[in-house]
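As structure tokens, the structure follows; a few thoughts come after it.
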Amino acid sequence: MKTEWPLWEVFIRGQHGLNHRHVGSLHAPDAEMAIKNARDVYTRRNEGVSIWVVEAAHISASSPSDKGPLYEPSESKVYRHPTFFDIPDEAGHM
Amino acid sequence: MTDRDALFEYLLRLGDNTLVLGHRVSEWCGHAPVLEEDIALANTALDLIGQTQMWLGLAGDVEGEGRSADDFAMLRDVWDFRNLLLVEQPNGDFGQTMMRQCLFDAFHFDLLSGLAGSTDDRIAAIAAKALKEVTYHVDRSSETVIGLGDGTEESHRRMQAALDLLWPYVGEMFMPDAVDTALHEAGIAPDLPALRASFDTRIDEILRQATLVRPDNAYAHSGGKTGVRHSEHLGHLLTQMQWLQRAYPGAAW
Amino acid sequence: MYAQMVTSEATQEDPQKLAAFQARIDAGEKIEPKDWMPEGYRKTLIRQIGQHAHSEIVGQLPEGNWITRAPTLERKAILLAKVQDEAGHGLYLYGAAETLGVSRDELTEMLLDGRMKYSSIFNYPTLTWADMGAVGWLVDGAAIMNQVPLQRTSYGPYSRAMIRICKEESFHQRQGYHIMMKMAQGTPAQKKMAQDALNRFWYPSLMMFGPSDKDSVHSAQSMKWKIKMNTNDELRQKFVDQTVPQAEYLGLTVPDETLRWNEEKGGYDFAEPDWSEFFDVIKGNGPCNTERLAARNKAWDDGAWVREGLIAHAEKRRAAKLAAE
């Protein structure tokens, strides 16, 4: 009988209010146990204050072959970055 | 029995419960059914060892003879141990271990909840810290008992067998003696028999979801927490736990 | 090392794709699970990461052997936390391997029936408490030599697992050395025990890096792919150079009469371990091979009903929830 527990991806929000961050994966029979297992596996050193788990099979990922069309167009939008604009020192901190 | 003697005795009971159970649970390390459980069991054992250091450390302070938590753990013989018979029972299969854990956790949670309101600040502080750990323990162990009880035919059968085997050790947890009564009257510890109702409510709900049947047998073994009559298992546990300290007396590690 | 003698797979694919792939690695880019990769790269990684993971899991056993006999409550907690970390590291590594299209159960079965290996070092017995010191100091010390550079390995999930492992592992070697310090400064019996542990673990630790591979085609391919970062000899030399002064500080003697500082190369000259013993251990004839595999098989077999029970319950619950909707 094949009984491997499903794979879950684990996301943890740390102490300082940042976004949940992917930390790794684990196996669990259901979502409740996945959260408990994540607590035991991934917060042994006081790493987190909030846990998300999602079954790995439910994650949709962008395709690597789309890398060009997806990400390169933003490279040319240099005006989105503050350093694009030359402001004289006399104008003060901005 | 002076107040101090009663307090000392009571602290040994608290510390020996967590010492012996923590030792038992640590025996699983590297041998659990799946990696996630292996890691979770080690966390439980680590919590219990930490609680032991606090309870037995305080016992040493109360006794005032310079004995440390390690002295109590490593240099007493069976008859000086004050843990419940339940926690010294062997691990058996994983189901037996989790059933033992669940029964103890349910009791431990209510006991610590009471102790967190102790008139003795030192006890209240330790209990409050331990209570956070034990809140998770009982959550996890009850979830596992429910899952295995309600799982397959085999897992159900094994969990019922574990429950039948361990049920006679439940009664001792709620059986008060002169020490318990004295501490309750001093406002230091909760009233033991009064904790039973909450335990029963919780366990009945767990067993219902786990599709397990609570045994009719109301018989309760006793003699662990008084030290009068431990099971034979405890001595073997001590031969391992104390071996280095006994073989090389006075060495520092 | 934890992944000893991993032979790289030959690869026969479109030369243009291979060249583009190699260019990405040379440019320091990380390869991610859904990226195109040569079949040989994928297979070699599964073997290497899997073997590394198995080593962590089997590696729980020799130290786990002393958890119930630790001399103080604090030592017990430290050792338990350390062995638990090893389970965690195994888990992270299995997770990295799983991104390559193999399941943890498949890898486990290959360990249990002997198709996959684990590090030779874990087939040696831990006989005294000083062995907990020696294992932490020498075995973890040797492992770190390899794991630190692997944080820069080309495969993203492997690299990220190694970063997490290295961060957690930093206390492991120190706790081992701390045990050795206590014993070396202790009673005559403790000091003798510490020396005995060093005697027994020195050469097996040197073997962890594997035989010389400076002429190995497999190693060259793996180094090109950045899944192996240094030659075995480089790491072994580094380990000896780091460890000998540590032994001197303890007042212990490295069991090698030929050990000499070589001014010219700026490192120690030292005796090679007995490689025939190494190959015996790899073939299954080490002192503890049988026990180690038996223990893993027993845990797996005895745990089957638990894994089945909990998933059956989860399925019932899911079905009940669906029915209620």
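A few points about this structure:
- Of everything listed in (1) out of contact with any Leu (no Cβ under 9 Å at 6 or more places or on another chain); (2) more than 19 Å from C:Ser8 (Cα to Cα); (3) part of a loop (DSSP other than H, G, I, E, B), the single unmet condition for C:Ser212 is (2).
- Residue within segment B:156-165 that is touching a Gly at 6+ places or on another chain (Cβ under 6 Å) and basic (Lys, Arg) present: yes
- Inside segment C:7-34, residues that are assigned to a helix (DSSP H, G or I) and closer than 21 Å to C:His52 by Cβ make up a count of 1.
- Failed criterion for B:Ser113 (all others in (1) over 17 Å from B:Gln51 (Cβ atoms); (2) surrounded by fewer than 24 Cβ atoms within 10 Å (Cβ to Cβ); (3) away from chain C (no Cβ under 14 Å) hold): (1)
- The single condition among (1) buried (at least 17 other Cβ atoms within 10 Å of the Cβ); (2) of a type in the set (Lys, Arg); (3) in a loop (DSSP other than H, G, I, E, B) that A:Arg39 does not satisfy is (3).
- Where helices (runs of 4 or more DSSP H) sit wholly within segment B:186-253, those with at least 3 residues that are surrounded by 19 or more Cβ atoms within 10 Å (Cβ to Cβ) and either within 14 Å of chain C (Cβ to nearest Cβ) or out of contact with any Cys (no Cβ under 6 Å at 6 or more places or on another chain) (or both) occupy B:192-209, B:233-241.
- Residue pairs whose Cβ atoms lie under 6 Å apart, sitting 6 or more positions apart in sequence or on different chains, and linking a residue in segment C:49-68 that is at the interface with another protein chain (Cβ under 7 Å from one of its Cβ atoms) and without any contact (Cβ under 8 Å) to a residue 12 or more places away in the chain to a partner that is surrounded by fewer than 24 Cβ atoms within 10 Å (Cβ to Cβ) and part of a helix (DSSP H, G or I), are C:Thr68/B:Gln240.
- Among the candidates C:Arg42, C:Arg75, residue that is more than 29 Å from B:Arg24 (Cα to Cα), at pLDDT 95 or above and among the charged types (D, E, K, R): C:Arg42
- Some residue of segment C:171-178 being among the charged types (D, E, K, R), part of a helix (DSSP H, G or I) and either facing another protein chain (nearest Cβ under 9 Å) or crowded, with 17+ Cβ neighbours inside 10 Å (or both): no
- Residue in segment C:152-160 that is more than 23 Å from C:Ala295 (Cβ to Cβ), modelled with pLDDT of 95 or more and within 11 Å of another protein chain (Cβ to nearest Cβ) present: yes
- A single member of A:Val10, A:Val23 is facing chain C (nearest Cβ under 9 Å) and among the β-branched types (Val, Ile, Thr), and it is A:Val23.
- The residues of segment C:215-242 that are crowded, with 16+ Cβ neighbours inside 10 Å, β-branched (Val, Ile, Thr) and not in a loop (DSSP other than H, G, I, E, B) amount to a single one, C:Val240.
The values are calculated or read from the model by the stated rules, or taken from the named source; none is laboratory data. It should be emphasised that the depicted structure is a prediction, and the values quoted were computed from it without experimental measurement. Ideal geometry is used to build each Cβ from the backbone, glycine not excepted, and the neighbour counts take in all protein chains shown.
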